[in-house]
Structure formats: structure tokens, C-alpha cells
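The values are calculated or read from the model by the stated rules, or taken from the named source; none is laboratory data. What you see is a predicted model; the values in this text were computed from it and never measured. Reconstructed Cβ throughout: ideal geometry from the backbone, glycine too, with neighbour counts over all protein chains shown.
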Amino acid sequence: MISSYLKTSGRNLLRNKLFSAINVVGLAISMSVGLLLIAFVLDLHSYDRFHQNGKRIYRITSVLTENREENGSRSGGRFATTSLKTGKLIRQKMAGIDEVAILRNDFSQDAKVGSTIVPIKGFWADPSLFRVFTFPMVEGNPDTALKDPYSVVLTESAAEKLFGHQPALGKAVRFDTLDYQVTGVMKDVPFFSHLNFEALVSLSTAEQLNRNNKDFDNWTSLSSNFVYLLLPPTIDPASIQSQLDAIATEENRAEETTTIQLELLPLYKIVVGESFRASEGGPGSVGPHMPPVVLWILGGLALVVIVSACFNYTNLSMARATRRFKEIGLRKAIGAGKSQVWQQFLVEAIMISLAALVLSYFLFLILRPQLISLAPEMQRLVKLELTPSMVVAFIVFSVTVGTMAGFMPALFFSNVSAIQALGNMASVKVFKHVTLRRVLVVVQYTLTLIFITATAIGYVQYKNILTFDLGFNTENVLNIDMQGNKPDAFLHELSEMPEVTALSRSLIITSIGNAWGGFIKYKDSRDSALVLTNHVDENYLALHQYKLIAGGNFRTRPNSAEAVNEVIVNQQFLKRFAIANSDPGKAIGEEITFSNFKIRDRRMTIVGVMKDFHYGKVDNLVGPVAFMPWTPGDRAVINAKIQSTDLLATRARIESVWKKIDRVHPFQAKFYDEAIEEAYSELSVLIKIIGFLSFLAISIASMGLFGMVVFTIETRLKEIGIRKVMGASSGNLVYLLSRGFLVLLSISTLIALPVTYLFFENFVLTHFPYHKPVQFTELFAGLLAVLLIAFMMIGSQTMKAAKRNPVEVLKSD
């Protein structure tokens, strides 16, 4: 029976080459998107699966809340980090836990072995890391390798960079001015690991180096610390959570305005899971991350494209129904039942889908490098390499698509009786006067219009973001990361270049998502708020053209963090703390108290007030900001204002100067505008993906429309011939044959444009408080493109039919 189904389906596909080709190509194009999404999702869910106890590993996350008694308001956020004290308290007080691993993510130094200098990044970690995670050791004892201070475990690649092919175990590596002993060499970290490092340094070393820092293991010091738990196989995580709640309750009693809750996060939900805020000066998380909502959006968009191709199959199958009624009638007359007819048409659809799978796989190979190269983050996130599980998923996906495409035609034909099939068959009605095929065409073009209109609106909004007035000037400013080098010599070299018109120093680059900050108090010691900060020198404000509305620039040039006692704030800062009734002139000379993970209760005087600007991205509201003097102990970013007709050539000259200063670290510099564009790369990638899917959707819909037009004209050739004999012009015939399709496109327009407009205004753009309203041209640009393509499809075929000699058409009648 199956052999009969396959033979019959194959003959039918060959007999209708045009319609089979449209279906195969349409399904292949849409399925290639599905294959990319499947490979993408499988890669994301491959992270951390190599750990033997991965299902039992949890990370501790923190929920910080700041309570302000004067107005009852709250602020805070969710952090992937926690305090070192949390890890120690869990070890001391909690029962039912197999292991606790504590990591600190701020180890980044140059490793020196003889004349070899190699930049190394890694974690401070305690010995239990190797008992929680599966990182195989090649040399050394994993139980003791990270026990003693000044011990370091290198990956094989890092060991080879430093020692070549010589044994590394037991040898010394110098970091800064101290020698560390190599107590272990481990295999390189797999690609699909959210923890990525070249070295692990004993946590006891960090404790030694910070023994005079009272806040190093403070309960509220969340910066850069990660705590992982290995739970027993049979324990209920809820019982662990209750113990975490007890610890948090006890520790929060000592805090006046800050409370911290501890929560468990499964290891497998770190990469594909909740997004976390960055702590003060620390990371939001470590390793790659993808919010589930993005996968749902991409999955929904891919499904729309696939459904569009399935609609093509359904439309063409239903349109060709009259040609297959006799086949069905004969099958039923000789004893075929409903299920056998249903299986026949389902097998035919699955055969087309499997044929499309072959073509879609080649499209997948072409599109794969394009997807990976969309953004630098994508290259570090996925590989999209073919695996056995991926092959199985592709085949299952193909059969599923075939079943979806063939379900409606199979149901339709299986319900036709032998008498109806051998006689006459009326149209299948969904609603009164509306056929199923028309509904599918309307739905298909509605989705296509939504796609292309969303792309147009998204692109315009993205361009508006890139050209948005941030409140300061970024044009032709090259930001150069000094990577730990002292900036004085480099500044001197740059100052002698005629193309460099101004120079300044800063701690971070604002407006691209970077953040640094601390807690500030004014007169009420109980009122503390997290304020974003930057450390800048006396040239920074002038170079970037910040607008000072009261006071002036820094009056002193402190040589150490302890000597910093001045601050320049923005208008929102005055408003937040109600300083001088938000009067900038009267705020000069007022004192505030600043604290962060490095500085404790430092008194500072307001010497200037600047106009509000965008410290963060433009999807964040402008908040309180404070600038403090840059000191030689701070991380340095050089800001170089360039005036040149060839910016790239000037950048190359600056890079050659860098190589004189530092032969170890590669030159890391970006123009400010490039950095801003990169900061919104995820938005750019999303727009490119939606634009690409829009192109596919309109291509698939156009192929379907082409098939429908060809079929309609074929069935009305005699009518066209008679009308021509009766005197109808070509224009009249084009209007007659295209009228029905244009009415359906008009209905799609009336649905798609309002839906897209409301979706952007009420859901998407609400996340961008400074967005511009959606314009008329953005809505109708996509519509004009769709109508033009549709008119070309309909007009070309109807004109071709209208020009045929009616004698040739009617001579057989």
C-alpha cells in the first residue's frame, strides 16, 4: 500500500511540474529558516551539558531592594552575582548540600615567564570548583591545586603560550610583581560552556591581596562574585531555598535600607534564561546569554514563514481540486476508504516536504555563515555545525511541515464522496460567500505585510536611535583602551600628531551600555541611592562638549582615589536628592557622601552641574549621574578628538604609535559612533533577521500568487477567448482577472497596517521612551512594494492570456 502511495504521488508530482516546483521551492525556502532556528536552539541548549552533574548544579542569584523611608519608594534589581560572604555562610550553616564553589570574576593580568608576556583572563576560585564542575585535569591534583595562596591552574592552551611544549607543573608565573606556582594544567574549556577562562587562581590569593579591604566580603558587596551549589540527587530545591531565605533574613537585619534575597538558578537556565543587571562595576553575568523571549520571537517569525509556504500548498491543492475529483471518485468506487484517500494525499505532501528538505539543507549551508557573521557576539555564541541529533531534528521537522501542509487538502479530498467526485463539486465554504482559498490568501498576505511593514518601521527607528542627541558630542572621537598601561607616554605621542585636536581620559565609555557607580547620600543618612558615575579628567567635558549650566570644571587634579573630593552632577541628580530645590546655582558647594565597593563614605563637594545627558542606552530613562576626577590608579580610556579627511589612515598611525608603547596587547580602539552602533547590534541583528524573513515571506507569497494566477487563467481560457470575440479589450480582461486578487490584497492591507501600527505603538516602542512616532511613509512603503510585486505577477500573466488568439483557444469547441 505504501509503495502504491509513493508511486501515485510521484507520478502526480511529475505530471504537475510547475505547481510541484512552486511547492518544493516555497517549502525549501521556508524550511531553511526552520533548520537555522533548530540548529540555533540546539546549540544554545548544548551549553554546560558536558558537566557530569549538570542537573544538580545551581547558581545563587541576588535580588537587591533599596527602601527609602522618606517617600516609601523602592529600587534595586536582580543580579547574577552575590557576595563572598554568601558562599561562606552557605558552607557554615546549610545542610543537605554536596559542594559549594565560589568564583570571583575580576582576574585579568599579564602573565610573565622569562621574556614571554601573555595576557591571561580567568577566575579566582576555591578547590571545590573541580568537584562541582567537570573540568578534567591533565597534570596536578584537582583537590589541592587551588588550596594554597598564589597557586594557579592553567588551561593547556595557556600553558603552551607561556611554556611552549615544556612541562608547566611546578613552575613559576609572574603576575604583576608576584610569583605564582603552576599547580595544575587542565584541558581547554569546551566551546559550549558559560564559564570561559584561561586560568584559575586560588581564591585564598584574592583574600590575601584584599586583607585590608573591609568591604571585600561584605554582605552587600555583590560585584563579580559567583556561588554555585551541587545538590544531592534526591533533595528538594525548595528545602534549600528555605535555608537561603533564613540566611538572608538574618543578614538583612544589620542593613538599614538594603535587603538582599537569595535565589537558586539551575545551571541549564543560565545561558537561555533570565537577564540580570550589572552590579556596581561588575558584570551582569558571565558567558553568553539569550533571553527566552528572543527565541520565542524568532520561533514565531520562522513559523509565520513556514505557515505561509504551507498555505501555498493548500491553496494550489484546493485550486486543482477539480482535476483530481475523478481520481478520487474512481478510488472510492473500487473500495478506497476515507483513511486511504487521506493517507494518499498526506504521503504526497510529505514527499514534497522531504524533497524540499534536500534543497533547504543546501540553503542552510549558504545561510549559516551569514547568520553567524551578523554580529561578533553570534560567533562566540553558536557554531551551527551538523550533529546526529540535529539530523534527526531536521527529518522530524520536515515530516511535521509536510503533515501541516498536507492536512487540509487530505481532509478535504478524503471527505469527497464517489458520487460528488464523479459529478460536480461546489466550493468549500468557511463563511458565507467566502471560500477557504480566499481566507488563506488574505491570511498569507496579511502576515507578509506585517513582516515588511515591521521591517520598515524597525529600520527607521533604529536609524533614529543611532542619530539620537545624547546630550554630548561623539563625532570623530576615538576611544582607546590603555589595557593597564600608564597613559602619560601615549598621551604625549598623540599630542604631537596634528590630526589629534584634543585629548582626555576617562574610566569608562558612556552611552553604550557600560556602567559604573556607587551609593550616594545627601543629608538624610537613611536615604541612599545607586548613582551612575564616571571618572574623567579636566579635559573630558570640553572635548565632548557637555553643557555646564552652573559652577565649573574640576579645580584639583588628585593623584589618588583617597584625595578625590569634588563631583560634577547632572540635573536629575539634584532632583533625586532635592538639593537646593533643584536650583543648579544654589547646589554649588553642597556636600554628598559616596560609597562603592572600593570607597567607603567619602565626602565630596558639588563643583559643577551639567545638563542632563544619556549615560546609558536610549531605552533607559535619564537618571542621576555624577562625574568624579580621574586618578592615576583608575583604569584609563584615552579619548582622542580627530580632525582628518582620512580617519582610517589616522587610526592606523595611532596604532603604530601604540605598538611602540605596548608590544604585547593588541590595539583596542573604536570611534565613539562605531561603539554606539555596536551597542545596538542586537537590535540591528533583529531587524536584519526580520528583513530577511520579510523577503522570504513576500517571495513565497508571490510564488503562491503566481501559481494561483496561472491556474485561474488556465481554467478561464475559453471565457477569455469568448470575451475577446465579443470585443473585450486587453485592459478589460486584465481588470476582470485581477480584480478578485486585488480585493483580497486590499482586505489584507486593512488588517495588517492597523495591527502593525498598534503593535509598535503599544508594545515595542514603549520600551524606548524617547522614540519618534511611526510615520505614514513607514507604514505604506511595504504596502507599495507588495502591491507592485503582486501587480507584476497578475498583470504579466493576464496580459499574456489576453493577447492569445481566441481562435486557438476555441477551435476545439
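Worth a mention:
- Criterion: without any contact (Cβ under 8 Å) to a residue 60 or more places away in the chain and in contact with a Leu (Cβ under 7 Å, 6 or more places away or on another chain) - qualifying residue of ASN534, ASN553, ASN565: ASN553
- Search result, residues across the range 752-778 that are among the aliphatic types (A, V, I, L, M) and within 19 Å of LEU686 (Cα to Cα): VAL764, LEU765, VAL774
- Residues of the range 724-746 include none that is basic (Lys, Arg) and within 22 Å of SER30 (Cα to Cα).
- Residues of the range 260-274 that turn out to be over 17 Å from VAL63 (Cα atoms) and either β-branched (Val, Ile, Thr) or touching a strand residue (DSSP E or B) at 6+ places or on another chain (Cβ under 6 Å) (or both), as a count: 3
- When THR605 is tested against the conditions (1) touching a Lys or Arg at 6+ places or on another chain (Cβ under 7 Å); (2) within 25 Å of ILE568 (Cα to Cα), the lone failure is (1).
- Selected residue (only one of LEU742, LEU753, LEU758 is surrounded by fewer than 18 Cβ atoms within 10 Å (Cβ to Cβ) and at pLDDT 85 or above): LEU758
- Taking the range 579-630 as the range and being closer than 20 Å to THR220 by Cβ and either in contact (Cβ under 8 Å) with a residue 12 or more places away in the chain or buried (at least 18 other Cβ atoms within 10 Å of the Cβ) (or both) as the test, the residues that pass are ILE592, THR593, PHE594, SER595, ASN596, PHE597, LYS598, ILE599, ARG600, ARG602, PRO624, ALA626.
- Residue among PRO773, PRO666, PRO754 that alone is without any contact (Cβ under 8 Å) to a residue 24 or more places away in the chain and closer than 30 Å to ILE509 by Cβ: PRO666
- Residue in the range 504-517 that is in a strand (DSSP E or B), within 25 Å of LYS617 (Cα to Cα) and at pLDDT below 95 present: yes
- Residue in the range 480-498 that is under 13 Å from LYS641 (Cβ atoms), in contact with a helix residue (DSSP H, G or I) (Cβ under 9 Å, 6 or more places away or on another chain) and assigned to a strand (DSSP E or B) present: yes
- Long-range neighbours under 8 Å by Cβ, at least six apart or interchain, first residue outside any helix (DSSP H, G or I) within the range 365-382, second among the basic types (Lys, Arg): LEU374/LYS688
- Complete set of residues in the range 469-492 that are in contact (Cβ under 8 Å) with a residue 40 or more places away in the chain and under 25 Å from GLN109 (Cβ atoms): ASN479, ILE480, ASP481, MET482, GLN483, GLY484, ASN485, LYS486, PRO487, ALA489, PHE490, LEU491
- Restricted to the range 122-221, the set of helices (runs of 4 or more DSSP H) holding at least 1 residues that are hydroxyl-bearing (Ser, Thr, Tyr) comprises 156-163, 203-209.
- So ALA636, is it crowded, with 21+ Cβ neighbours inside 10 Å, farther than 18 Å from GLN545 by Cα and either free of Cβ contacts under 8 Å to residues at least 40 places away in the same chain or in contact with a Ser or Thr (Cβ under 9 Å, 6 or more places away or on another chain) (or both): yes
- Residue tally, condition under 13 Å from LEU705 (Cα atoms) and either modelled with pLDDT of 80 or more or surrounded by 18 or more Cβ atoms within 10 Å (Cβ to Cβ) (or both), over the range 793-813: 4
- The set of residues in the range 222-240 that are crowded, with 17+ Cβ neighbours inside 10 Å and either among the acidic types (Asp, Glu) or not in a loop (DSSP other than H, G, I, E, B) (or both) comprises ASN225, PHE226, VAL227, TYR228, LEU229, LEU230, ILE240.
- Evaluation of LEU357 against the conditions (1) closer than 18 Å to CYS310 by Cβ; (2) at pLDDT below 85 shows that the sole unmet condition is (2).
- Among residues of the range 565-591 being within 39 Å of the chain's Cα centre (by Cα) and hydrophobic (A, V, I, L, M, F, W, C), the one that is farthest from ASP524 (Cα to Cα) is ILE568.
- Criterion applied to VAL182, VAL173 was being of a type in the set (Val, Ile, Thr) and more than 25 Å from VAL286 (Cα to Cα), and the one residue passing it is VAL173.
- Boolean, PHE123 is within 23 Å of ARG663 (Cβ to Cβ) and aromatic (Phe, Trp, Tyr): no
- Screening ALA101, ALA125, ALA95 for residues that are modelled with pLDDT of 95 or more and under 18 Å from PRO237 (Cβ atoms) leaves exactly one candidate, ALA101.
- Matching residues, the range 241-261, being among the charged types (D, E, K, R) and either assigned to a strand (DSSP E or B) or surrounded by 17 or more Cβ atoms within 10 Å (Cβ to Cβ) (or both): GLU251
- Matching residues, the range 761-774, being in contact with a helix residue (DSSP H, G or I) (Cβ under 7 Å, 6 or more places away or on another chain) and surrounded by fewer than 16 Cβ atoms within 10 Å (Cβ to Cβ): LYS772
- Looking only at residues in the range 524-570 that are among the polar types (S, T, N, Q) and within 28 Å of THR220 (Cα to Cα), the one that is surrounded by the fewest Cβ atoms within 10 Å (Cβ to Cβ) is SER560.
- The residues in the range 703-739 that are loosely packed, with under 15 Cβ neighbours inside 10 Å and either hydroxyl-bearing (Ser, Thr, Tyr) or more than 19 Å from MET799 (Cα to Cα) (or both) can be counted, and the count is 4.
- Against the test of being modelled with pLDDT of 90 or more and under 26 Å from GLU256 (Cβ atoms), the options ILE520, ILE568 yield a single qualifying residue, ILE520.
- Residues of the range 156-189 satisfying the condition of being crowded, with 16+ Cβ neighbours inside 10 Å and under 22 Å from GLU99 (Cβ atoms): THR183, GLY184, MET186, VAL189
- Scan of the range 715-725 for residues that are in contact (Cβ under 8 Å) with a residue 12 or more places away in the chain, of a type outside the set (A, V, I, L, M, F, W, C) and assigned to a helix (DSSP H, G or I), ordered by number: THR715, LYS718, GLY721, ARG723, LYS724
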